[in-house]
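Computed from the coordinates by the stated procedures, all read-outs in this text should not be read as laboratory data. Since this is a predicted model, take the numbers as computed values, not measurements. Because the Cβ atoms are built from the backbone with ideal geometry, glycine has one as well, and the counts that use them run over all protein chains shown.
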């Protein structure tokens, strides 16, 4: 769900390098491996959190159509100086009901994969091209990962994103901040927050969300740096569910939470082929041999 997928997205975005403040040639791909830890609620609205210690693959790909960089893995559908249309991807981890008090006795939440378009409009960039403000409008459909995948629902996360770099005072460091509201459809809310009468108890009454709509607000800050032979990065995330459409669900046991993660990875190899990596304000990379 959104808590897990956004935390994983932030962690994944933190696991790839960012462009320098000025255009230069970089390898078409880079590959590395390390370790990281993430701590966040078992699901969005849960008062129980879980810490994952995970292998942290470091992968950067700077192709014309496919990208894997600090904005995550995606396909470039359209690009000009001010607008990107990307194919955005995401994922979430499972939630086992036996490990969660609010969901005890209910079916487990399966891991999901998410895909959909993301419209990214540059609203402002500094004259030195070391800072920019984007409006991002990703829409993703979620599907469960199981023998017979099911359509879980759709979520829309319009948000403002700020990228900051100062090569003179803090060379190599990249700071990103984003904040925005989350909107989910009725199917999505039922999948995560509905309590079927068959699973109702004295402390967990039956409940069906009234439909789709506002699902809370998120804010994330991420910081990373690519050293010659290794990379470090981390993120913090704040989430509030106040006034969400499903806020009355007995499965919502916490309206606010803070999540975070940190990782380090060693660079194992890179391609001989080089590509032009644009500066922070430019959107037209050119790949060449």
Quick one: which of 159-169, 178-188, 218-228 comes out on top by average Cβ neighbours within 10 Å, and what's the full order, highest first? 178-188, 218-228, 159-169
Translational D (Stokes-Einstein, µm²/s) of region 131-223 at 37 °C and 0.692 mPa s when Rh comes from the Kirkwood sum over C-alpha pairs? 203
Where Rh is the Kirkwood radius over Cα pairs, Rg/Rh for region 102-148: 1.31
Tell me the Kirkwood radius of region 190-243: reciprocal of the mean inverse pair distance over distinct alpha-carbon atoms, in Å. 15.1
Taking the Cα centroid of region 22-53 and of region 112-182, what is the distance between the two, rounded to the nearest whole Å? 15
Relative contact order, percent, region 189-251 [alpha-carbon distance under 8 Å, six or more residues apart]: 37
